[in-house]
Amino acid sequence: MRRGLNYRKNNERLYVVATPIGNLNELSPRALEVLKEVDIIACEDTRVTGVLLKHFNIQKELLSLHEHNEKMMSLRIVHLIKDENKKVAYVSDQGFPGISDPGNILIKEMLKQEIDVIPISGPCALINALVGSGLDTLHFYFHGFLSAKPKVRREELLTLKKKEETLIFYEAPHRLKESIAEMLDVFGSRRACIARELSKIHEEFIRGNLEELHLLTENEKLKGEFVIVIEGTNIETSAIHSDEDILRYVNSLVDVGMSTKDAIEKASEYLKVKKNYIYKLYHQG
Ligand code: SAM
């Protein structure tokens, strides 16, 4: 076991600073103080961070650490902190580093090298979306981005279908429509919310059920950045599966390229319904 306070006796630390997801006033006074105090700011994209720092009149040496060089740059940052006695902070393009953003490999490397990690609080899109959605905040599950591969994405959604916690997804604008359609197909019409342009001028919470959100995204091209929040399953009502549910489940797997045999096996395992029953249902229906 290691206790963080031991590390704080020396000056070997990395500040992991959350930055605005929209409104620039979201940068906290403490974050500002840290960014002013450090010698070097490592960041995901020097252009994005450059704009933020210019706004706050901060001039610092910038180092680029992104998803394709994170391991290598983490070692460089270890060297800067340990051998050159530099004070370093890391910021990603928006929100909290490490949350669907680079930062996690860096943090693990710091801890491995016994360098303390100090997170500086700030905005995180999933929290704004969850709180504003009006769905259950007591228990929630953050999935981040679904896979871009149709088969993997479908399997991810099928696994999540069982969860009772409120589900939270990040989604790219060009995939929003397809994702909502697929979520409706897999989850059925649960309560849901699209949180759009959080903390920006056009912030909007579109609350309804998945069927309504599907209709909306089919007919209107929503602009901006999005978080999708969906109600968890209600086990009491989801324990019994109609023949229609069973067939929908099998077909959804066959549609993304799974063989009929594998899809029936998977459905049997997941829905706890006998393989023979599903086989007959599928081939007679
Ligand atoms: N690290 C960030 C955080 O703490 O939230 C997330 C970065 S991730 C690369 C970017 C995704 O976060 C976007 O595709 C979107 O799903 C979500 N996001 C970030 N800012 C947002 C905003 N202002 N409104 C809605 N969603 C946002």
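Values in this text are rule-based calculations from the coordinates and carry no lab data. If you're wondering where the values come from, they're calculated on a predicted model, not measured in any experiment. Counting neighbours? That spans all protein chains shown, and the Cβs are built from the backbone with ideal geometry, glycine included.
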### Summary
For GLU164 and HIS241, extending 7 Å from Cα along the Cα-Cβ vector and measuring point to point gives, in nm, a value of 2.0 nm
### Task
Provide the net charge surrounding GLU44, with neighbours chosen by a C-beta distance below 14 Å and charges set as Lys +1, Arg +1, Asp -1, Glu -1.
-4
### Query
For SER252, what charge total do you get from the other residues with a beta carbon under 9 Å from its beta carbon, if Lys and Arg give +1 and Asp and Glu give -1?
-1
### Query
Within the chain, which is the longest segment containing none of the trypsin sites (Lys or Arg not before Pro) that sit in a DSSP loop and have at most 11 other Cβ atoms within 10 Å?
10-161
### SER259-GLU84 pseudo-label distance in nm [points 7 Å out on the Cα-to-Cβ vector]
5.7 nm
### Message
For region 197-236, which GluC sites (Glu not before Pro) pass both filters: DSSP loop (anything but H, G, I, E, B) and at most 12 other C-beta atoms within 10 Å?
### Response
GLU220
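Over the residues of region 31-137, compute the C-alpha Rg and express it relative to 2.2 N^0.38 Å. Could you put the intermediate results ahead of the total?
Working: Rg = 14.7 Å, N = 107, 2.2 N^0.38 = 13.0 Å.
Its radius of gyration relative to the 2.2 N^0.38 Å reference: 1.13.
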### Query
In the Gaussian network model of the chain, springs joining C-alpha atoms below 10 Å, which of MET183, MET72, MET110 carries the largest mean-square fluctuation?
MET72
#### Entry: Among ASN85, PRO29, GLN284 - extreme Cα towards positive end, dipole of the chain, charges at beta-carbon
ASN85
#### Entry: FRET efficiency for ILE118 and LYS274, using Cβ-Cβ distance with R0 set to 41 Å, rounded to 0.05
0.15
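Hey, which of these cross-link pairs are over 23 Å Cα-Cα: LYS177/LYS274; LYS86/LYS112; LYS163/LYS223?
Check vs 23 Å cut-off fails for LYS177/LYS274; LYS163/LYS223.
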### Query
Quick one: of the DSSP bridges fully inside the chain, what percent are antiparallel, nearest 5?
45 percent
### Query
For the chain, max minus min Cα coordinate along each principal axis, in Å, sorted largest first?
73, 43, 32
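May I ask for the percentage of alpha-carbon pairs in region 126-233 that lie more than 22 Å from each other?
Details: 1193 of 5778 pairs.
Across region 126-233, Cα pairs with separations above 22 Å total 21 percent.
Residues with beta-carbon under 11 Å from that of LEU130, excluding LEU130: net charge, scoring Lys, Arg +1 and Asp, Glu -1? Let's see the in-between values first.
On the way: positive: none; negative: ASP136, GLU165.
Here the count lands on -2.
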### Query
Using +1 on the beta carbon of Lys and Arg, -1 on that of Asp and Glu, and nothing else charged, what's the dipole of region 137-247 about the Cα centre, debye to 20?
420 debye
#### Entry: Coordinate range along principal axes, alpha carbons of region 238-284, Å, largest first
27, 19, 17
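Summing -39500 (n - 2.57) over the DSSP H runs of n ≥ 4 in the chain and dividing by its residue number, what mean residue ellipticity at 222 nm do you reach, to the nearest 500 deg cm²/dmol? Intermediate results must be reported in sequence, preceding the final value.
On the way: 13 runs with 126 residues, N = 285.
Rounded to the nearest 500, the figure is -13000 deg cm²/dmol.
Rounded, prolate or oblate: pick one for region 173-246, where a ≥ b ≥ c are the square roots of the eigenvalues of its C-alpha gyration tensor, a/c under 1.5 means rounded, and failing that, prolate if a/b is larger than b/c, else oblate. Could you put the intermediate results ahead of the total?
Numbers: a/c = 3.10, a/b = 1.97, b/c = 1.57.
Judged from the Cα gyration tensor, region 173-246 comes out prolate (a/c at least 1.5, a/b above b/c).
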### Query
What is the distance, in nm, between label points placed 7 Å from the Cα along the Cα-to-Cβ direction at LEU75 and at ASP45?
2.8 nm
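In debye, nearest 20: dipole of the chain around its Cα centre with unit charges on the Cβ of K, R (+) and D, E (-)? Working shown, then result.
Working: 40 positive and 43 negative charges, 149 e Å.
So the magnitude is around 720 debye.
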